[in-house]
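Each remark here refers to the structure printed beneath this line.
The values are calculated or read from the model by the stated rules, or taken from the named source; none is laboratory data. Treat the numbers as computed from the prediction; the structure is a model and nothing was measured. Ideal geometry is used to build each Cβ from the backbone, glycine not excepted, and the neighbour counts take in all protein chains shown.
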Amino acid sequence: MTTRVITVERNVLSEVRASAEDFRRLRTAEGTLVVNLVSSPGAGKTSLLQETARLWAGKHRSAVLVGDLATDRDAQRLAPFVDVVQMTTGGACHLELPLVERAFERLAVQGLEFLFIENVGNLVCPAAHDLGEHLRVVLLSTTEGDDKPGKYPKMFRSSSALVISKTDLLAHVPFSLKNAADDAHLICPDLPVLPLSTVNGSGLAAWCRFLELERERRVLGAS
Amino acid sequence: MHEYSLVRGLLLQMHEAAAPHQDTIVDEVVVAIGPLSGVEPMLVAIAFENLTLGTPYSTTRLVIEQTPLELSCLTCECAFETLEVALACPSCKSARTRVIQGDEVVLRQLVLRELQPEESAS
């Protein structure tokens, strides 16, 4: 019996990566910064997007694609402030690019400066899925413990910024901003850390400025 | 990472690679999995077994190579390898390291066998 060895050496994920690169390149050409917001459930992604949209009303053109397993609750919360499309995964625990692309087509808006993708609340699975974003922002709230970054290395390593949310609760929880930042920097040195609170508004101006600068750097500078 | 969708992608690539070789059966497929790929080898094996049932690949042997994570330290310039997820330089403890290899899943090779006259290629 003759056997033949066929050398392939092909990355099994390569097709997905190529498509994500395409999405990213198209958005850059259109002047749109794509931001993928990830976190555990309840860390404050929707609240942050709500406040960002409120602050940017009349100033920046933005839109949100929000992903959940079920319901359109987040889309309903955001709709008064920003163009939004709800993606429901029906059980999948993370978003994948095809779902995002279809939702983006439904959005059908021109001249977007910022496209936010609010991922499913999950600190594990979204780490492995490139949604064509320029910026992956991981949110960690003060109620989740300051030792989490080291426990989720792939997520924190692949992120471009760490938002520490719910800083209004710092007086009531054993959370150290310094410990969380140091832990994150063991995984991803130079990761920008942005503490904020959507309840008292602290840190929101810095967050908005950070996004504007990232758009200048990654999209406007590039095209 | 999701081993079932990964294995579906793997089976498509196997099919493409084997297609030019008429009248052969895939005896073995070798896949390399890196520690930072987010993929669990045991779950890949289970998914492969389940997804190949009733297909021409049901007798294909899956061989998994666990490749090391190769990192280069940007602080002290040493290069190091580890089979685990460890991102800090073992020499100078700096976290300023660059991943050279170890976050991929690679279809390395197929071993094809010519079909005997009594076997069919259905």
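Going by the structure shown, is A:F116 within 14 Å of chain B (Cβ to nearest Cβ), closer than 21 Å to A:G203 by Cβ and touching a helix residue (DSSP H, G or I) at 6+ places or on another chain (Cβ under 9 Å)?
Against the criterion (within 14 Å of chain B (Cβ to nearest Cβ), closer than 21 Å to A:G203 by Cβ and touching a helix residue (DSSP H, G or I) at 6+ places or on another chain (Cβ under 9 Å)), A:F116 does not qualify.
Only residues that are over 12 Å from the mean Cα position of the chain (by Cα), within 14 Å of another protein chain (Cβ to nearest Cβ) and of a type in the set (V, I, T): list them for region A:119-167, please.
Once the filter is applied, which keeps residues that are over 12 Å from the mean Cα position of the chain (by Cα), within 14 Å of another protein chain (Cβ to nearest Cβ) and of a type in the set (V, I, T), region A:119-167 yields only A:V124.
Name the residue that is surrounded by the fewest Cβ atoms within 10 Å (Cβ to Cβ), counting only residues in region B:79-90 that are more than 8 Å from chain A (Cβ to nearest Cβ) and touching a residue at least 40 places away in the same chain (Cβ under 8 Å).
If we take residues in region B:79-90 being more than 8 Å from chain A (Cβ to nearest Cβ) and touching a residue at least 40 places away in the same chain (Cβ under 8 Å), then B:E84 is surrounded by the fewest Cβ atoms within 10 Å (Cβ to Cβ).
Restricting attention to region A:121-136, report how many residues are at pLDDT 95 or above, part of a loop (DSSP other than H, G, I, E, B) and out of contact with any helix residue (DSSP H, G or I) (no Cβ under 6 Å at 6 or more places or on another chain).
Total meeting the criteria: 1.
Of (1) out of contact with any His (no Cβ under 8 Å at 6 or more places or on another chain); (2) of a type in the set (V, I, T); (3) touching a residue at least 60 places away in the same chain (Cβ under 8 Å), A:I164 satisfies all except one. Which?
(3)
State whether the residues of region B:91-113 include one that is in a loop (DSSP other than H, G, I, E, B), hydrophobic (A, V, I, L, M, F, W, C) and buried (at least 16 other Cβ atoms within 10 Å of the Cβ).
Yes: one or more hits.
With the checklist (1) part of a loop (DSSP other than H, G, I, E, B); (2) surrounded by fewer than 16 Cβ atoms within 10 Å (Cβ to Cβ); (3) more than 14 Å from chain A (Cβ to nearest Cβ) in hand, flag the one item B:Y57 doesn't pass.
Only one criterion is unmet by B:Y57, namely (2).
What is the residue count in region A:157-182 for residues that are modelled with pLDDT of 95 or more, surrounded by 17 or more Cβ atoms within 10 Å (Cβ to Cβ) and within 28 Å of B:T97 (Cα to Cα)?
Within region A:157-182, residues that are modelled with pLDDT of 95 or more, surrounded by 17 or more Cβ atoms within 10 Å (Cβ to Cβ) and within 28 Å of B:T97 (Cα to Cα) number 10.
Mind listing just one residue for me: the one in region B:1-34 that is in a loop (DSSP other than H, G, I, E, B) and within 10 Å of chain A (Cβ to nearest Cβ) and, of those, nearest to B:E114 (Cα to Cα)?
Result: B:H21.
Considering only residues of region B:91-122 that are without any contact (Cβ under 8 Å) to a residue 24 or more places away in the chain and under 30 Å from B:L62 (Cα atoms), which is farthest from the other protein chains (Cβ to nearest Cβ)?
Going through the qualifying residues, I end up with B:S120.
Which of the strands (runs of 3 or more DSSP E) contained wholly in region A:1-92 include at least 2 residues that are among the small types (G, A, S)?
Once the strands (runs of 3 or more DSSP E) in region A:1-92 are filtered for at least 2 residues that are among the small types (G, A, S), what remains is A:62-68.
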